[in-house]
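Below: one structure, written as structure tokens.
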Amino acid sequence: MKNTKILGFRREDNSFGLRNKVIIIPSVHCANKCVENIAKLNPDSVYITHQHGCSQLDYDAKQTQMVLAGHGTNPNVYGVLIIGLGCEVISADNLAKNIKENTPYKEVHHLIIQEEGGVLNTTKKGDAIVKQMLLNAQKQTQSFGDWSDIVLGTECGGSDAFSGLSANPALGAVSDFIIEHDGSVILAETTELIGAEHLLAKRAINEEIKNKVYSTINNFEQLVLNSHADIRGANPSPGNIAGGLSSIEEKSLGCIYKAGSKPLVDVKEYAHKITQKGLTLMNTPGNDIEQLSGMVAGGCNLCIFTTGRGTPTGSPITPTIKVSSNTKTFLNMQDCIDINAGDILDGKKTMEEKKEEILEFVIKLSQGELTKAEINKQNDFSIWRLATTC
Amino acid sequence: MQFIIINQLDNVATTLKDCKSGEKLGDVTLLQDIKNGHKFAIKDILKGENIVKYGEVIAQASCDIKKGSHVHIHNIEGIRGRGDKQ
């Protein structure tokens, strides 16, 4: 993998995009339809919809704002159009301002449906803005980057008993490679660290990080305990259980392999920006899409997602490579899965060969090859909710 | 490879194919059909004893488990995240 260059978009703050997306974001769910209208008129744009942005308590609203803004500031994004309604908690102008302040070099526009005189007018105006942004985005020139430009979000979903034997250790080898080359790697899914926290804590670079590992995981477990619910059935999920996993501890011990073996340098709350090279723990739920959206908001420009049972998941802006833990799932869901790590268990590939195969695919996708999730336009998005709506 | 014992401390192994009752894997004779990816006991395990995989505790036995038995949610219980026990 030496001397191979990654192609992408160097941003003014030195961050690096593997993609150059124009994204349309509703600040509130009342604007979802308008966002969809504009996106339909502009198939080269991407969009998200969600069910938040209003009637949220302040800490939950803050979390929503952070995830939405993070999707705008992510280096894979060239420009943003925010659509708001006008009376919501998360206002379009404030969200646009927030994105512009953090990434002044981006094109950031916003429209407010009540001010524009309805959805049709807003759609028409938004369509023109997005069309112009798409033209402008095409004028951006690509340049070479390297592995130090990667902020890799690691994820596993629909896990089975093989995840911890093939796909996660292969991803762990990739994580180690990226860290050795001065890149950043995110380990998340706090739920799926319950029972493996001592292994992660041992890798903390100092006492402060070590304590944060324990407090982050303990606090999450306490939420479950306070609910008086049995975590089993939620996590491990029914599919995990059918795949041979019997407890959250067993799942966690397989999950942690994807974070490789390097020291843990930082712990971040959900959707907060990743600021360190090396391995960072981000506090997220195990829920695949909430986790992915949190990591993307944190600046992750590449996601590698291992799966045992098979999953279609992808992000609107961050290329998400799916790696299956077993050959049966790969063959069963070829439209969704990019790489098969099951051939390690079949005795056909070594872990090292699988690592190289994944890294080669990363280079190809930086040069324009699409992941299966991108081909399927699998633009998943959801936010970890903290509280009730009011 | 038909099964894997991940760590020498483990008291369970994981199958790498669908296995039939009576099949011999290493020195263990399976007492039940066991699906690909599921676990079986590689020694007799007493009720309350830790179930060890990856060299780490993954659960406790909820009843006595004979060597060669399928080990899953019907005879082991996760210890962590058990709000139902609070």
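The values are calculated or read from the model by the stated rules, or taken from the named source; none is laboratory data. No experiment lies behind these values; they were computed from the predicted model shown. Neighbour counts are summed over all protein chains in view; Cβ atoms, including those assigned to glycine, are modelled from backbone coordinates with ideal geometry. In case anyone asks, the SASA skips ligands and DNA or RNA and just uses the protein heavy atoms, side chains included. Shrake-Rupley method; radii C 1.70, N 1.55, O 1.52, S 1.80 Å.
Here the helices (runs of 4 or more DSSP H) wholly within region A:292-390 that include at least 3 residues being within 14 Å of chain B (Cβ to nearest Cβ) are A:327-332, A:342-345.
Does A:L386 meet the test of being touching a residue at least 12 places away in the same chain (Cβ under 8 Å), surrounded by fewer than 19 Cβ atoms within 10 Å (Cβ to Cβ) and among the aliphatic types (A, V, I, L, M)? So A:L386 passes the test.
Inside region B:21-59, residues that are of a type in the set (G, A, S) and either more than 14 Å from chain A (Cβ to nearest Cβ) or open to solvent by 60 Å² or more (accessible area, probe 1.4 Å) (or both) make up a count of 4. Would you point out which residue out of A:E369, A:E352, A:E356 is out of contact with any His (no Cβ under 9 Å at 6 or more places or on another chain), open to solvent by less than 50 Å² (accessible area, probe 1.4 Å) and more than 13 Å from A:F305 (Cα to Cα)? Exactly one of A:E369, A:E352, A:E356 is out of contact with any His (no Cβ under 9 Å at 6 or more places or on another chain), open to solvent by less than 50 Å² (accessible area, probe 1.4 Å) and more than 13 Å from A:F305 (Cα to Cα), namely A:E356. Taken as a whole, the condition of being over 21 Å from A:K5 (Cα atoms) and either in contact (Cβ under 8 Å) with a residue 40 or more places away in the chain or touching a Phe, Trp or Tyr at 6+ places or on another chain (Cβ under 9 Å) (or both) applies to A:N376. A count restricted to region A:178-200 and to residues that are crowded, with 19+ Cβ neighbours inside 10 Å, within 14 Å of chain B (Cβ to nearest Cβ) and not acidic (D, E) stands at 7. Restricting attention to region A:220-250, the residues that are facing chain B (nearest Cβ under 9 Å) and under 25 Å from A:K354 (Cα atoms) total 4. The set of residues from region A:201-219 being surrounded by fewer than 17 Cβ atoms within 10 Å (Cβ to Cβ) and either within 13 Å of another protein chain (Cβ to nearest Cβ) or of a type in the set (D, E) (or both) comprises A:K202, A:E207, A:E208, A:N218, A:N219. In a residue-by-residue description of region A:104-112, the property of being of a type outside the set (F, W, Y) and over 25 Å from A:N20 (Cβ atoms) applies to at least one position. Taking the criterion of being over 25 Å from A:G308 (Cβ atoms), over 12 Å from the mean Cα position of the chain (by Cα) and open to solvent by 10 Å² or more (accessible area, probe 1.4 Å), the residues of region B:64-86 that qualify are B:D84, B:K85, B:Q86.
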